[in-house]
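Chemist: Before anything else, here's the structure in question.
The values are calculated or read from the model by the stated rules, or taken from the named source; none is laboratory data. Because the structure is predicted, anything quoted here is derived from the model rather than measured. Here the Cβ positions follow ideal geometry from the backbone for every residue, glycine too, while neighbour counts run over all protein chains shown.
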Amino acid sequence: MAVVPNMPKSWRVETKPHKFCPGCGHGLVLKALGEAIDELEIQERVVFGCDIGCSLLSWDFFNCDSVQTHHGRTTPVVTGVKRARPDRICIAYMGDGGGYAIGAQHLVNSAARNERITAILVNNCNYGMTGGQMAPTTLPGMKTQTSPYGRDTETMGYPTQGPEMVAAIAREGAYVARGTVANVRRLKRYIKSALQNQIDGKGFSFVEALSGCPTNWSTNAQKTWEFIEKEMPQYFKVGEIKTPGKKEE
Amino acid sequence: MSNTVKVALAGEGGQGVQSVAGILVEAANDEGREALYIPNFGVEQRGGVSVAFCQISDERIGSPKFKFADLVIALSDRAVRRTKQYVDENTVFIYDSSVEGVEDDMPQKVKKILAIPALDIAKKELHPRVFNVIVMGAAIAVTKIVDIKQAKSALEKKLGYKFKQDPKLRELNFKALEKGVELVEGKV
Amino acid sequence: MTTNAYKMKQVETTKSVFTIFTGLCKGCGLCIEKCPTKTLHWSEALGVYGTPSVEPKENDNCTACGMCALVCPDCAIVIERKK
Amino acid sequence: MSEKPIEGEKRVFMTGNEVVAWAALAAEADIMYGYPITPQNEVMHYWTRLAPKYGRSFLQTEDEISAGFTTCGGVLSGKRAFTATAGPGNILMQESMTMAEMMRIPTVLVVQQRGGPSTATVIYSQQEVTMTCFGGNGEGLRIVYSTCSHQELYDYTIKAFNVAWKYRFPVFVLGDGYQAKMRESLKMYDPATKGIKMVETQPSLGLAGVPGVDREPSHLRNTYNTEEELCEVVTNLVEEYNKVVPEVVEYETFETEDAEIVLLGHGIVTRAAQAAVKTLREQGIKVGHFRPITIHPFAADELRAICKQAKKLIVIESAQGQFERIVKEAIYGESVPMESYFKPGQGITGEEIVEYVKKGL
């Protein structure tokens, strides 16, 4: 039998190669998500929403009904779908700018209302699509287009601890975790648990994925992995932060 | 619109058409002429066909884009298909001879079609990285928008810091430029 | 479009059949860095953006672990373990 | 540290976004507030690199709602503050700009129009005309300059600060993605060498002295209790705006004196229209071109005069009639026939205008 690419069943083969840059972490997060959708057998129930920013390039990524929304507004659009169609599995896919800056109010309030949706947020420490500006997640001292002399924590604060913030707001029944593209299998487990949480109707579910942006970081493969595996975890702790029924550590 | 020279350069993202366009208009501007350059850009940071629209003139330039170019250079199959809309009976259309499967996509109404082995020469005789500089040489030879000396000093201005570290790079770039001129001289 | 029409190249090692779909490979090199036996390198075969794709070196260190396929953001690599 | 960013005058070759950053520096702008959106980003990129060298500041906010309101805060503190945006960002800025309109806060906003509606393209359009001129729940008491070149981006960004602070209405510089991203030459200058004096700024908050003792406290508001009260306030605002109009309104004409066909276009489209006029005149066709520089307020009387002798108007824009609505309102009652050439979100060339005009002869 001829060898074929081993893509998740839920991926739309006709739109591959996908539109993300060489080495972009989105491909890995979406691979984990695709496999999770396959394993949970929910493809026909999924409604997939994506943001503005690089995440919008996934508008035709899956063989799932999908909607590309505005910057930061994916969470409310997907919330609207879920409230109208509780039988659907609703996924809001966004970047760190969309989730922690322009759309932070929506993320916070959806968590507070314990919306039965799954938000997946890709953290790559910068605004990718607009050309690499400082993001809420930019590391201290990190140079970007709008922090050309490095992020100054005196004036620009520290990286947003997204999952920790969401966990603090979310109700009992919510699932919150942080994974990384450096460990795709574990990331998939978290995404699967998040989706399962929605399927079980327990509450809001949120997974942040640490990811790479070789284009705007101007890194080669080696430096990209170094940044994801060594620099980012200094500020962003990988692991499950809130799971239903489990006492918080 | 009269004495304005219009050039569309197109290739895959990463082939360096935008940097060539940038150097070309910079050279024209340094000569004291009017130049206008606008990159075509989509939402993606990478990937897709990249088109550079350049105009050079002795007077103020009109709209940033144009209907038909005096010269179109296309460096990939997708670039050929994307840019043939800018070709009419006054256009010189150049593509790289390594591009395959575009026989049916060649513009019909055209002044002259020319395939040049820029990629091949870059790979075999010079260095793959100066592929775009060969293309720049060809563009200058066809349009005469700047003279070679001015083009060299624009290259120097842009890449001087690299030339300082490795003087061989200067020679390589200048050779590529001259090679580009040779490839089209007497043919259009 | 036929869905499996991606250009490809296959290389056999002692323990595996390595398939690179050059029609999907963007040449990011993430796999080269992650290979535990450092057996991948740049290939003459060009990927979808005209940049080099990857293939195993001739030193035959491939253990068919599949790490390269796992970390490929474009699903461009398939590893089959030889029985 | 804070020497003049530009001494005398010099010819430069750069992108429009860089021009805006330099113009704001030359205009002695104190602080920029901003949020990433294409095609405006490089205004921030250049500003963040240049500003610290001249003692100026920058704040990247969490979104454009915040960028607009922080700009209001900066201006209320007596600083020459500005922001820049595009498309969906411009929508979010309308909330703050409406407050600026009501409270006479002299904000400066540079808009680099992109395609719409919604996310659309990041390239170019003229589809933010209605929003920039009339966005918000108000009367559109703003001044909007529609520029066509890097030279004008420079000139009018400087002018925007002075007009804002002189008349205390929000001022907009309406560029577009082409102007933002293209490179062409211009002359940058120190405003002083052209006799331009920057209008002094005044704080509305944080004044000297103990409020209630040394001076009246500033109690700024944009809320009113009764319909009558609001009506009076807005009527006064409109009256003051109308007084300003004749002083700020700007336009250009090209061979309109004997023109039978008059092309109407604004912003970068004027360049295509000017080129078309030149070509058509060479062929003996009596074509002229009217171009508003302030697209709002609009030089209505001047256009009316042209209408009297013209046989046909052609409205040309990279939008579906947003500019045409302004024109129609301005010349209501005139009998000259009007045609339209709309290309929403797409650039327009001189050649195609020539073609269109000749087809209609």
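Chemist: At least 1 residues that are in contact (Cβ under 8 Å) with a residue 60 or more places away in the chain and more than 25 Å from the chain's Cα centre (by Cα) in each: list the strands (runs of 3 or more DSSP E) lying fully within the range D:271-323 that qualify.
Modeler: Those strands (runs of 3 or more DSSP E) span D:287-292.
Chemist: While we're here: Filter the range D:124-140 down to residues that are over 21 Å from D:GLU329 (Cβ atoms) and in a helix (DSSP H, G or I), then give me how many there are.
Modeler: Number satisfying all stated conditions: 0.
Conditions tested, residue by residue: (1) without any contact (Cβ under 8 Å) to a residue 12 or more places away in the chain; (2) over 24 Å from C:LEU70 (Cα atoms); (3) in contact with a Cys (Cβ under 9 Å, 6 or more places away or on another chain).
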site	(1), (2), (3)
A:ILE37	no, no, yes
A:TRP59	yes, no, yes
A:GLY72	no, yes, no
A:VAL77	no, yes, no
A:PRO86	no, yes, no
A:TYR100	no, yes, no
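Chemist: Next up: Determine whether A:CYS50 is closer than 23 Å to A:GLN196 by Cβ and either crowded, with 24+ Cβ neighbours inside 10 Å or among the polar types (S, T, N, Q) (or both).
Modeler: Criteria met by A:CYS50.
Chemist: Scan the range B:47-67 residue by residue and report those that are among the small types (Gly, Ala, Ser) and either over 30 Å from C:THR51 (Cβ atoms) or in contact with a Pro (Cβ under 6 Å, 6 or more places away or on another chain) (or both).
Modeler: B:ALA52, B:SER57, B:GLY62, B:SER63
Chemist: Condition first: under 30 Å from B:ALA79 (Cα atoms) and more than 9 Å from chain A (Cβ to nearest Cβ). Now tell me which residues in the range C:28-83 satisfy that.
Modeler: Listed by number, the residues that qualify are C:HIS41, C:TRP42, C:SER43, C:GLU44, C:ALA45, C:LEU46, C:GLY50, C:PRO52, C:SER53, C:VAL54, C:GLU55.
Chemist: Assess whether D:VAL75 counts as being among the aliphatic types (A, V, I, L, M) and more than 14 Å from chain A (Cβ to nearest Cβ).
Modeler: For D:VAL75, the condition - among the aliphatic types (A, V, I, L, M) and more than 14 Å from chain A (Cβ to nearest Cβ) - is met.
Chemist: Moving to a separate point now. Residue under question is D:GLY34, and the condition is that it be farther than 19 Å from D:TYR178 by Cβ, surrounded by 23 or more Cβ atoms within 10 Å (Cβ to Cβ) and either modelled with pLDDT under 95 or within 13 Å of chain A (Cβ to nearest Cβ) (or both); does it hold?
Modeler: yes
Chemist: Out of all the residues in the range C:61-81, is one or more free of Cβ contacts under 8 Å to residues at least 40 places away in the same chain and part of a strand (DSSP E or B)?
Modeler: no
Chemist: Can you spot a residue in the range A:98-110 that is among the small types (Gly, Ala, Ser) and away from every other protein chain (no Cβ under 14 Å)?
Modeler: For the range A:98-110, residues among the small types (Gly, Ala, Ser) and away from every other protein chain (no Cβ under 14 Å): present.
Chemist: Report the residue count in the range A:11-30 for those that are β-branched (Val, Ile, Thr) and crowded, with 24+ Cβ neighbours inside 10 Å.
Modeler: Residues flagged as β-branched (Val, Ile, Thr) and crowded, with 24+ Cβ neighbours inside 10 Å within the range A:11-30 amount to 1.
Chemist: Residues being in a loop (DSSP other than H, G, I, E, B) and either closer than 14 Å to D:LEU76 by Cβ or outside the structural domain of D:ALA23 (by TED's automatic domain parsing) (or both): count how many of those fall in the range D:91-123.
Modeler: Total satisfying the criteria: 4.
Residue-by-condition table, conditions (1) within 13 Å of chain D (Cβ to nearest Cβ); (2) over 27 Å from D:ARG114 (Cα atoms); (3) touching a residue at least 24 places away in the same chain (Cβ under 8 Å); (4) buried (at least 23 other Cβ atoms within 10 Å of the Cβ):
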site	(1), (2), (3), (4)
B:GLY22	yes, no, yes, no
B:TYR37	yes, no, no, yes
B:GLU59	yes, yes, yes, no
B:ASP104	no, yes, no, no
B:ILE113	no, yes, no, no
B:PRO117	no, yes, yes, no
B:LYS123	no, yes, no, no
B:PRO128	no, yes, no, no
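Okay, residues lined up against (1) within 14 Å of chain A (Cβ to nearest Cβ); (2) closer than 22 Å to A:ALA104 by Cβ; (3) surrounded by 21 or more Cβ atoms within 10 Å (Cβ to Cβ); (4) not hydroxyl-bearing (Ser, Thr, Tyr):
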position: D:SER57; (1), (2), (3), (4): yes, no, no, no
position: D:GLU64; (1), (2), (3), (4): yes, yes, yes, yes
position: D:ARG80; (1), (2), (3), (4): no, no, yes, yes
position: D:VAL110; (1), (2), (3), (4): no, no, yes, yes
position: D:THR121; (1), (2), (3), (4): yes, no, no, no
position: D:PHE134; (1), (2), (3), (4): no, no, no, yes
position: D:TYR145; (1), (2), (3), (4): no, no, yes, no
position: D:TRP165; (1), (2), (3), (4): no, no, no, yes
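Chemist: Given the residues D:GLY74, D:GLY87, which is the only one that is closer than 26 Å to D:GLN127 by Cβ, surrounded by 23 or more Cβ atoms within 10 Å (Cβ to Cβ) and in contact with a Ser or Thr (Cβ under 9 Å, 6 or more places away or on another chain)?
Modeler: D:GLY87
Chemist: Going through the range A:133-187 one residue at a time, which ones are among the β-branched types (Val, Ile, Thr), surrounded by fewer than 22 Cβ atoms within 10 Å (Cβ to Cβ) and more than 24 Å from A:VAL29 (Cβ to Cβ)?
Modeler: Residues satisfying the conditions are A:THR153, A:THR155.
Chemist: Which ranges mark the helices (runs of 4 or more DSSP H) fully within the range D:1-90 that have 1 or more residues being within 13 Å of D:GLN112 (Cβ to Cβ) and among the aliphatic types (A, V, I, L, M)?
Modeler: The helices (runs of 4 or more DSSP H) meeting that bar are D:16-26, D:41-50.
Chemist: If only one of D:THR256, D:THR279, D:THR270 is surrounded by 15 or more Cβ atoms within 10 Å (Cβ to Cβ), under 25 Å from D:ALA24 (Cα atoms) and either assigned by TED's automatic domain parsing to the domain that holds D:ALA300 or at pLDDT 95 or above (or both), which one is it?
Modeler: Answer to the check: D:THR270.
Chemist: Read through the list (1) in contact with a strand residue (DSSP E or B) (Cβ under 6 Å, 6 or more places away or on another chain); (2) farther than 20 Å from D:GLY347 by Cα, then give the number of the only condition that D:GLY333 fails.
Modeler: All conditions are met except number (1).
Chemist: State whether one or more residues within the range A:187-200 are of a type in the set (A, V, I, L, M, F, W, C), more than 14 Å from the chain's Cα centre (by Cα) and more than 14 Å from chain C (Cβ to nearest Cβ).
Modeler: There is at least one residue in the range A:187-200 that is of a type in the set (A, V, I, L, M, F, W, C), more than 14 Å from the chain's Cα centre (by Cα) and more than 14 Å from chain C (Cβ to nearest Cβ).
Chemist: Can you name the number of the only condition in (1) away from chain A (no Cβ under 14 Å); (2) surrounded by fewer than 23 Cβ atoms within 10 Å (Cβ to Cβ) that D:VAL20 fails?
Modeler: Result: D:VAL20 passes all but (2).
Chemist: Here is a follow-up. Write out, first by first residue and then by second, each pair whose Cβ atoms fall under 6 Å of each other, whose residues are 6+ apart or on separate chains, and whose first residue, in the range C:10-37, is touching a residue at least 60 places away in the same chain (Cβ under 8 Å) and at negative phi while the second is assigned to a loop (DSSP other than H, G, I, E, B) and aliphatic (A, V, I, L, M).
Modeler: C:LYS15/C:ALA64; C:SER16/C:ALA64; C:THR19/A:VAL3; C:THR19/C:MET8
Chemist: Also, I was wondering about something else. Out of D:TYR241, D:TYR251, I need the residue that is surrounded by 13 or more Cβ atoms within 10 Å (Cβ to Cβ), of a type outside the set (D, E, K, R), in contact with a Lys or Arg (Cβ under 7 Å, 6 or more places away or on another chain) and under 21 Å from D:ALA160 (Cβ atoms). Which one?
Modeler: D:TYR251
Chemist: Could you tell me whether the range D:115-124 includes any residue that is under 15 Å from the mean Cα position of the chain (by Cα) and touching a residue at least 24 places away in the same chain (Cβ under 8 Å)?
Modeler: Checked against the condition, which is being under 15 Å from the mean Cα position of the chain (by Cα) and touching a residue at least 24 places away in the same chain (Cβ under 8 Å), the range D:115-124 yields no hits at all.
Chemist: I'd like the full set of residues that are buried (at least 18 other Cβ atoms within 10 Å of the Cβ) and part of a strand (DSSP E or B), limited to the range C:6-50.
Modeler: Within the range C:6-50, C:SER16, C:PHE18, C:THR19, C:ILE20, C:LEU40, C:SER43 meet the criteria.
Chemist: For the range A:10-29, give me each residue that is within 22 Å of A:ARG186 (Cβ to Cβ), within 12 Å of chain C (Cβ to nearest Cβ) and touching a residue at least 40 places away in the same chain (Cβ under 8 Å).
Modeler: A:TRP11, A:GLY23, A:CYS24, A:GLY25, A:HIS26, A:LEU28, A:VAL29
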